[in-house]
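Presented below is the structure to which this report refers.
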Amino acid sequence: MNSKGRKPIIAGNWKMNKTLEEAKKLAIEVKNNTLARAPEVEVVICPPFTALTEVASIIKGSHVKLGAQNCHWKDSGAFTGEISPIMLKDVGCEYVIVGHSERRQYFGETDEIVSMKAKAALAHGLSPIVCVGEHLEHREKGMTKDIIRGQVIGSLRGIEAEEILRAVVAYEPVWAIGTGKTATPEQAQEVHAFVRNLLIDLYGLEVALKVRIQYGGSVKPANIAALMSEVDIDGALVGGASLEAIQFAEIVSYEAKGK
Ligand code: PEP
């Protein structure tokens, strides 16, 4: 727990990367290299579906938790190519990313779909990491808060107060994902504070202060400390830099300076 009263959470989203052997090697390295920080920071890795079972057995009993990158909202059935929350729970996942901007952009996921996925994940004991974020053109037109408001309200629709406490919100400006352009700590904090206020409106102050909000978008060892020093930034969702164990471990080992 930090001075903000929330345990920081650093999650690695491996996306469509790593063969089984590569994933096993990376999982072992992440487990070994992040151990020292385990009491203070929650560490999550989200390998591709094909590696979940093997990675689960590597990190079993350790401080590293398992997440998936997506799920369907139904328990089972004729949904070719999809994976259900029950299946993810079955192989040892505790987290699942829903509504990542790549899912929204390339696979047509809407806020309604994201909320169905988040609800299904919660119903089966998984913690959804619910992603929201504006595109560059939205930011340039001064529409960031309108976009974020719509995505937060739409993606969390139907989620009760006791459920939101098990969820994580990830603010990921789309223009910062995989581009090397990070939002400045001030830009990120401004949106995180806005999300926190939306959570207050939806769930009340006491609950909203307990919900963790991660930042994502070109997080690296060099910028994590400044981001984590902001009052409403409770962790990071890391893409590219999570594919290399030393870099990811350096991110987990950030030294935040409280503001
Ligand atoms: C992401 O995909 O969630 C992400 C933030 O990617 P990157 O760190 O590579 O920008």
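The values are calculated or read from the model by the stated rules, or taken from the named source; none is laboratory data. Here the structure is a predicted model, which means the values were calculated and not measured. Because the Cβ atoms are built from the backbone with ideal geometry, glycine has one as well, and the counts that use them run over all protein chains shown. For accessibility, only protein heavy atoms count, side chains too; no ligands or nucleic acids. Shrake-Rupley method; radii C 1.70, N 1.55, O 1.52, S 1.80 Å.
With all protein chains kept in place, the per residue accessible area of the chain amounts to 44 square angstrom at a probe of 1.4 angstrom.
Placing 42, 160, 54 in order of accessible area, with the largest value first and a 1.4 Å probe, yields 160, 54, 42. Once both labels are positioned 7 Å from their Cα atoms along Cα-to-Cβ, the gap between residue 149 and residue 79 label points is 3.1 nm. Relative to its residue count, the chain spans a Cα convex hull of 116 Å³ per residue.
Largest accessible area first, the residues 91, 152 order themselves as 91, 152 under a 1.4 Å probe with ligands, DNA and RNA left out. By the helix-only formula, in which each DSSP H run with n ≥ 4 contributes -39500 (n - 2.57) and the sum is divided by residues, the chain has a 222 nm mean residue ellipticity of -12000 deg cm²/dmol.
Pairs over the 26 Å Cα-Cα cut-off, from the set 60/181; 4/117; 74/181; 15/74; 15/210; 18/220: 60/181; 4/117; 74/181; 15/210. At a Förster radius of 45 Å, what calculated FRET efficiency corresponds to the Cβ-Cβ distance of residue 57 and residue 6, to the nearest 0.05? That pair, residue 57 with residue 6, gives E of 0.90. In terms of its C-alpha gyration tensor, the range 125-242 has a prolate overall shape, because the principal axis ratio a/c (a ≥ b ≥ c, square roots of the eigenvalues) is not below 1.5 and a/b outweighs b/c. Max-minus-min Cα coordinates of the range 1-133 on each principal axis give 42, 38, 26 Å, with the largest extent listed first. Annotation: for a label point projected 7 angstrom from Cα along Cα→Cβ of residue 91, residues of the range 56-72 with backbone N closer than 14 Å are 56-59, 66-72.
Exposure check, 1.4 Å probe, all protein chains in place: residue 228 carries approximately 10 Å² of accessible surface.
In plain terms, the chain from residue 186 to residue 160 could stretch by 6.3 nm, reckoned as 0.36 nm per residue minus the Cα-Cα distance. Any idea what the relative contact order of the range 9-252 is, in percent, if you count C-alpha pairs under 8 Å spaced at least 6 apart? With pairs under 8 Å counted, the relative contact order is 21 percent. Straightening the chain between residue 206 and residue 220 buys 1.9 nm, computed as 0.36 nm per residue apart minus the Cα-Cα spacing. Comparing Cα centroids, the range 108-183 and the range 1-44 end up 21 angstrom apart.
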